[in-house]
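Colleague: Quick one: the structure is below, and I'll ask about it shortly.
The values are calculated or read from the model by the stated rules, or taken from the named source; none is laboratory data. Predicted, not measured: the structure shown is a model, and the values here were computed from it. Cβ: placed from backbone, ideal geometry, glycine included. Neighbour counts: every protein chain shown. Each accessible area value is taken on the protein alone, full model and side chains, heavy atoms only, with ligands, DNA and RNA left out. Shrake-Rupley method; radii C 1.70, N 1.55, O 1.52, S 1.80 Å.
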There are 2 protein chains.
Amino acid sequence: MATGKNGETAINMPETKASVKGTAPLLNSSKAVSTVEHPNRGVKKGFAIGDFVLRLCALGAALGATVAMGNADQVLPFFTQFLQFEAQYDDFDTFRFFVMAMGMVSGYLFISLPFSIICIIRPFATKPRLFLVIFDSMMAALTIAAGSASASMVYLAHNGNDDVNWLPFCQQFGDFCQSASGAVIGSLLAAALLLVIIILSAFALKRN
Amino acid sequence: MATGKNGETAINMPETKASVKGTAPLLNSSKAVSTVEHPNRGVKKGFAIGDFVLRLCALGAALGATVAMGNADQVLPFFTQFLQFEAQYDDFDTFRFFVMAMGMVSGYLFISLPFSIICIIRPFATKPRLFLVIFDSMMAALTIAAGSASASMVYLAHNGNDDVNWLPFCQQFGDFCQSASGAVIGSLLAAALLLVIIILSAFALKRN
């Protein structure tokens, strides 16, 4: 090619022109896109940072709820020959489900932190954000399910139900009930934070 | 204008040219956008139609759950001098909350149908879709809360809890328990559909 005849150079000329024509609009368009979307980049980055902070808060709330419920245990200071009065979280299937579910949610929130950081570094990446939205929705559902099922159980422990002769036991096991109530509040807080995170992600995914 | 002089016609000429120039690029650009985004338009429309269909299914499930729980009522065929044995949904605060919550969710799903239709007609509109995502998330949370709280109560009605002497009553009130269980299943179905709707919306909101 370099040592070609006149005819070959004449053929080469349009080739180089074509390649210049091919790259020039590509460069122009990408530059145009980056300058047009620059103000939105800050907004998206803000959404991503908010997502990360809220995720940390939700992790704290979920971990706190798990630990509070897992340690809910009270032994009354009196006992008979055959019976020791003790209340533990795993006397209640609902509370056992609560501990498992909130443990899972805490684990997921911890694992999701790197993905949230990726969203901060690359505010326009949609793949990690979609991944987060899908799993966030599932975990929010799990959190709300565990929290509200345990809430109804705690309500019953406080107030009982006269119609079916289920007696309240929070007068006797006050500390146990308090731990359980605290755990429920923590889980509902985590659930609310997860909902806010989902809505934030929807805004961040929105086309401009 | 029609009976103008030569000078006026000369002035009119550039005016009409300018208006042609003003409309031509608009038409061109809109045509270019529609031809470039045409394949995505079909996908978005598919998301929107799926959203509408799933919303109808969720409405059916939510309404069915509300009605099933609201009509859960059983009178036993024997009574004493002082007592008539009757189980009704509003003997349980959790079930009462369930009926209220599912009624609200059914109402919301009905109201949201027109917005879903707007999303079908204008697949690229983000405002109605964001509105739907936010309220869908809240209603999904409400549905899951009501469903799982009632599920824990139904579980207790079936199995009781020996540790705190809460006796099961589903042997006696079988029909009542069956209605309540059906209602819980309906609500959890509605919740699952709402979660799928939220995830679909996230995909539809995604930039291309």
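Colleague: List the residues of the range B:163-208 whose accessible area drops by at least 30 Å² when all protein chains are present, compared with their chain alone, using a 1.4 Å probe and counting only protein heavy atoms.
Modeller: Correct list: B:163, B:164, B:166, B:169, B:195, B:199, B:202, B:203, B:205, B:206, B:207.
Colleague: Counting only protein heavy atoms and using a 1.4 Å probe, what share of the accessible area of the range B:43-205 belongs to carbon plus sulfur, as a whole percent? Please report the intermediate quantities before stating the final value.
Modeller: Values: 5010 of 7230 Å².
Within the range B:43-205, the accessible surface is 69 percent carbon and sulfur.
Colleague: Still on this structure, please answer the following. Give, rounded to the nearest 20 debye, the magnitude of the charge dipole that the range B:79-208 has about its Cα centre when Lys and Arg contribute +1 at Cβ and Asp and Glu contribute -1 at Cβ. Write out the running numbers ahead of the final one.
Modeller: Numbers: 6 positive and 8 negative charges, 244 e Å.
Dipole magnitude for the range B:79-208 comes out near 1180 debye.
Colleague: Continuing with the same structure: Work out the mean other chain Cβ neighbour count within 10 Å for the residues of A:135-146 and drop it here as an integer.
Modeller: On the way: counts 0, 3, 8, 2, 0, 6, 11, 2, 2, 11, 9, 3.
Averaged over the peptide's residues, the number is 5.
Colleague: In addition: Give me the accessible area per residue for the range A:46-103, probe 1.4 Å, as a whole number in Å². Intermediate results must be reported in sequence, preceding the final value.
Modeller: Working: 3040 Å² over 58 residues.
On a per-residue basis, 52 Å².
Colleague: Can you pull the three principal axis extents for the Cα set of the range B:61-208, in Å, largest first?
Modeller: Cα spread of the range B:61-208 along its principal axes, largest to smallest: 69, 30, 18 Å.
Colleague: Charges on Cβ only, +1 for Lys and Arg, -1 for Asp and Glu, centred on the Cα centroid of the range B:43-205; of B:185, B:133, B:63, which one is farthest towards the dipole's positive end?
Modeller: Most positive-ward Cα: B:133.
Colleague: For a 24 Å ceiling on Cα separation, which of these pairs sit above it: B:127/B:206; A:45/B:44; A:127/B:45?
Modeller: On the way: B:127/B:206 13 Å; A:45/B:44 26 Å; A:127/B:45 21 Å.
In this structure, A:45/B:44 exceed 24 Å between Cα atoms.
Colleague: Quick one: length gained pulling residue A:91 to residue A:124 fully straight, 0.36 nm per residue minus the C-alpha distance? Kindly include the intermediate steps, with their values, before the conclusion.
Modeller: On the way: separation 33, 0.36 × 33 = 11.88 nm, distance 4.84 nm.
Between residue A:91 and residue A:124, full extension yields an extra 7.0 nm.
Colleague: Continuing with the same structure: Could you tell me which of B:48, B:74, B:112 has its Cα farthest along the dipole of the range B:37-131 towards the positive end, charges placed at Cβ (Lys, Arg +1; Asp, Glu -1), taken about the Cα centre?
Modeller: The one lying farthest along the dipole's positive direction is B:48.
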